[in-house]
């Protein structure tokens with residue numbers, strides 16, 4: 001290969017990696033050969049996650065919906081096709097795709113897709129409260145545990161103070177519900193509550209937000225997951241919020257703010273703007289006292305709003321609910337109850353046989369995976385495990401205990417183990433595979 005060809009290949013690779021449009025190319029069998037940074041952002045995948053899989057194995061659509069597979073089958077381009085689907089992070093995505101066949105000497109060898117993320121354009125920048133239910137107040141948030149009672153108490157103080165509020169917690173813990181309860185706790189409850197979805201916002205959306213805040217009467221604005229904005233957009237958002245002080249602002253982030261600032265994910269000045277009241281909502285696994293009451297309360301809501309039949313939970317089901325670690329928190333619990341309720345409309349008690357097989361398998365896997373220190377002591381009469389299996393089990397046990405000691409804080413755990421955050425995150429991710 002000549003020097004000019006090397007330079008051209010390097011330039012092409014740079015352009016693909018830094019383009020502000022998703023690029024995904026597959027071979028004739030549907031397996032990925034090119035997958036750029038922007039497509040990773042849109043679909044929530046890494047190249048190493050998809051190299052050995054067909055796109056049908058990765059996304060929740062069939063052959064008739066995949067533009068790449070349509071092009072592979074027809075040999076004809078598919079232009080300006082709008083596609084809506086759920087990515088691997090369980091976020092609904094809308095893209096506008098241009099997909100082309102790739103030929104070599106008149107033989108179809110693959111297809112390439114250029115995807116523009118238009119999710120933000122599909123949503124109005126501000127979304128008011130849902131119309132199919134009444135407002136959420138502090139009294140409606142289940143809080144049996146001391147941890148959640150403390151959260152509610154602090155949130156009530158924040159509402160009385162009428163200052164910016166920051167809600168901190170994992171995905172699905174109920175940050176949106178608490179934000180709404182704080183809104184209704186404000187003295188001036190004539191304001192309208194609006195949610196600003198930060199995940200897919202861009203410069204135009206931030207500008208539209210500024211115009212809206214300048215033109216509208218005082219409102220409560222909930223900036224949902226502002227840590228998903230780029231730092232430059234966070235700077236723009238801070239500028240807008242500081243220019244429009246007549247409104248009440250609430251924001252949420254998905255991780256510890258100190259950790260997010262240290263990793264360059266959260267703008268320090270934006271955090272300070274909201275730091276008057278920073279409220280941490282603990283994950284469901286940290287407050288097991290709330291699991292059963294939350295499930296019962298949600299079933300009651302379904303009965304009142306949809307007329308579904310399930311009103312009680314069998315003791316065996318309660319045991320399974322308590323044994324599960326709920327990585328998706330309240331949202332995952334509610335989705336489980338939605339699925340069961342929609343399948344069993346005449347029964348009044350949720351029993352073990354109604355639970356999805358996948359959920360029961362997850363609970364069983366957790367029980368089987370509960371290692372003890374004694375598992376790693378070699379006894380003279382015990383059967384030796386394969387060395388790789390022993391090391392993997394020991395590493396998993398040690399890292400899990402280290403994470404528990406530091407309340408699942410990645411930065412603190414990594415520092416205590418003498419490794420980088422990236423190294424720890426990589427090891428934890430590999431252990432889940």
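Listed by Cβ neighbour count within 10 Å, with the fewest neighbours leading, 24, 197, 406 appear as 406, 197, 24. With neighbour counts taken as other beta-carbon atoms within 10 Å, the residues 324, 103, 184 rank, fewest first, as 103, 184, 324.
Summarising the label geometry, the points placed 7 Å from Cα in the beta-carbon direction at residue 345 and residue 81 lie 3.5 nm from one another. Across region 126-282, C-alpha contacts under 8 Å between residues 6 or more apart give a mean separation that, scaled by the residue count, equals a relative contact order of 34 percent.
Dividing the alpha-carbon radius of gyration of region 126-282 by 2.2 N^0.38 Å (N being the number of residues), what value is obtained?
Details: Rg = 14.7 Å, N = 157, 2.2 N^0.38 = 15.0 Å.
My calculation over the Cα atoms of region 126-282 gives 0.98.
Between residue 401 and residue 425, the simple spin-label model (points 7 angstrom out along Cα→Cβ) gives 2.6 nm.
Taking R0 as 35 Å, what FRET efficiency do you get between residue 107 and residue 230 from their Cβ-Cβ distance, rounded to the nearest 0.05?
Values: r = 42 Å, r/R0 = 1.19.
FRET efficiency, residue 107 to residue 230: 0.25.
With the simple model of a label 7 Å out from the Cα in the direction of the Cβ, residue 207 to residue 303 spans 5.3 nm. Seen through its C-alpha gyration tensor, with square-root eigenvalues sorted a ≥ b ≥ c, region 304-368 comes out prolate because a/c lies at 1.5 or above while a/b is bigger than b/c. Rounded to whole Å, give me the distance from the Cα center of region 147-203 to that of region 286-337. Computed from Cα coordinates, the inter-centre distance equals 23 Å.
Arrange the peptides 340-347, 161-168 so that the one whose residues have, on average, the most other Cβ atoms within 10 Å appears first.
161-168, 340-347
Treat region 236-321 as a sphere of radius equal to its Kirkwood radius over Cα pairs and apply Stokes-Einstein at 37 °C in a medium of 0.692 mPa s; give the translational diffusion coefficient in µm²/s, rounded to a whole number. In µm²/s, the coefficient rounds to 196.
Every number in this text was worked out from the coordinates using simple rules, so none of it is lab data. Computed from a predicted structure; not experimentally measured. Methodologically, a virtual Cβ is constructed for each residue, glycine included, from the backbone with ideal geometry; neighbour enumeration extends over all protein chains shown.
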